[in-house]
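The values are calculated or read from the model by the stated rules, or taken from the named source; none is laboratory data. Since the model is a prediction, treat every value here as computed from it, not as a measurement. Please note: Cβ atoms are built from the backbone with ideal geometry, for glycine as well, and neighbour counts cover all protein chains shown. These area figures cover heavy atoms from the full protein model, side chains too; ligands, DNA and RNA do not enter into them. Shrake-Rupley method; radii C 1.70, N 1.55, O 1.52, S 1.80 Å.
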Amino acid sequence: MPSVTVKLYSLIFKLLLRRRLSSLSVSDPAPAGAASSFGVSSRPADHHPSPHSNPAFSTAAPDAVATKDLHPDPLSSLHLRLFLPNPHHATPLNNPPPPPLRRNSFPPPASDVDGQHLLSRRASASFHGVSSSASSQPHYGGYLPTARSARKLPVIVQFHGGAFVTGAADSAANDAFCRRIARHCDAIVVAVGYRLAPENRYPAAFEDGVTVLRWIAKQANLAACGRMMAKGAGTCGTDSFGAAMVEPWLAAHADPSRCVLLGVSCGANIADYVARKAVEAGKFLDPVKVVAQVLMYPFFMGSSPTQSELKLANSYFYDKSTCLLAWKLFLPEDEFCLDHPAANPLLPGRGPPLKLMPPTLTIVAELDWMKDRAIAYSEELRKVNVDAPVLEYKDAVHEFATLDGLLKTPEAQACAEDIAIWVKKYISLRGHEFSY
């Protein structure tokens, strides 16, 4: 059973969440037909003050992860936070001996010092171009990729939890979790701040996930065109304005052919939807290729209750009544149904055949009332020969690895390590040397 501290934390959490959901349901700002497409992607009152992004690799930071905030769509509140582990070397954990040089690694130049590479202030705040020399913007200490530091890293697209109505990509808890994943997996993490309900109901958050995947593909194509233009190969379908829109970190270090989707709670529902859309898009998303997805305690529901839904309906943090209220705020009023395609992954005809889905790791908690439906979905994937293991953590609760009060527990740290072990089967350039 959870500790007394966790039980008290759960009680306070549920009271605050119910109060927030009830307040939003009473003052619903988005009645039918009157919703603004811009929306909101965070609620400052719902989480601790967000840590500021830091686009430099500071020697004072133990994780050596640089961050940057982006707003790829000026017509919506969609917000991204990029997490870049130091591309000059694999970040060691707990100070072990330096790992051997990887095939696609480049040693740092002998003259490099921390903070020497500079990124223009304009490129840091948005994605409007990179300064070609460090001296052009001497007052900005952000990281600037160079030709000698172009080590390619896989991309993990992460969707935060919060029952579709709370949470943020740059919240303190999500920032800490994404930093942990970035350094464990040695990958670029793109945390997606999708539009929240009820300002923007379904399918706004799901469409934001697809938009981010298309944006990553566009960045990769613009970067490829820029490289070809630099070699004198013509215009390549872009111009000087298009070339200036390339996000420098992604252009230099992202390998979109090794893309992983990672969803937390309701974010797992979004990740699964995006994976299905990626399968349907096929080569239209080139060069992005979703090689795997991780569903952490998915927010799945259905009209036919499972055993865990009956036994654990009043479980910790997210109980059934609270989740039902969240779904009522998220789904359009005329579409509310527990067997909605966004809620129930086991519905037939929900998308492409399951055999085409990417390998899927499912994380569940023993005391989570939604776990049985997630396990059932994983079983359906295994029936069609999709690699879909399930990791169940004993005495764990919903969001045990991502809530701010639980991030430092041994279970949370072990969960991040387990995710990295499995994900590296599909993002490692050295083959499937990691396996369960």
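Among the residues making up region 292-313, those that are in a loop (DSSP other than H, G, I, E, B) and either open to solvent by less than 10 Å² (accessible area, probe 1.4 Å) or in contact (Cβ under 8 Å) with a residue 12 or more places away in the chain (or both) are Tyr297, Pro298, Phe299, Phe300, Met301, Gly302, Ser303, Thr306, Leu312, Ala313. Taking region 373-385 as the range and being part of a helix (DSSP H, G or I) and touching a Pro at 6+ places or on another chain (Cβ under 9 Å) as the test, the residues that pass are Arg373, Ala374, Ala376, Tyr377, Ser378, Glu380, Leu381, Arg382. In the set (1) without any contact (Cβ under 8 Å) to a residue 60 or more places away in the chain; (2) of a type in the set (Gly, Ala, Ser); (3) surrounded by 14 or more Cβ atoms within 10 Å (Cβ to Cβ), the condition left unmet by Ala278 is number (1). Restricting Ala342, Ala388, Ala326 to residues that are in a helix (DSSP H, G or I) and crowded, with 22+ Cβ neighbours inside 10 Å narrows the list to Ala326. State whether one or more residues within region 297-304 are among the hydroxyl-bearing types (Ser, Thr, Tyr) and over 24 Å from the mean Cα position of the chain (by Cα). Yes, some residue in region 297-304 is among the hydroxyl-bearing types (Ser, Thr, Tyr) and over 24 Å from the mean Cα position of the chain (by Cα). Of all residues in region 419-430, those being open to solvent by less than 40 Å² (accessible area, probe 1.4 Å) and in contact (Cβ under 8 Å) with a residue 40 or more places away in the chain number 6.
For region 186-211, filtered to residues that are assigned to a helix (DSSP H, G or I) and surrounded by 24 or more Cβ atoms within 10 Å (Cβ to Cβ), the residue that is nearest to the chain's Cα centre (by Cα) is Gly209. Of everything in region 366-381, what is without any contact (Cβ under 8 Å) to a residue 40 or more places away in the chain and out of contact with any strand residue (DSSP E or B) (no Cβ under 9 Å at 6 or more places or on another chain)? Give them in sequence order. Of everything in region 366-381, just one residue is without any contact (Cβ under 8 Å) to a residue 40 or more places away in the chain and out of contact with any strand residue (DSSP E or B) (no Cβ under 9 Å at 6 or more places or on another chain), namely Glu380.
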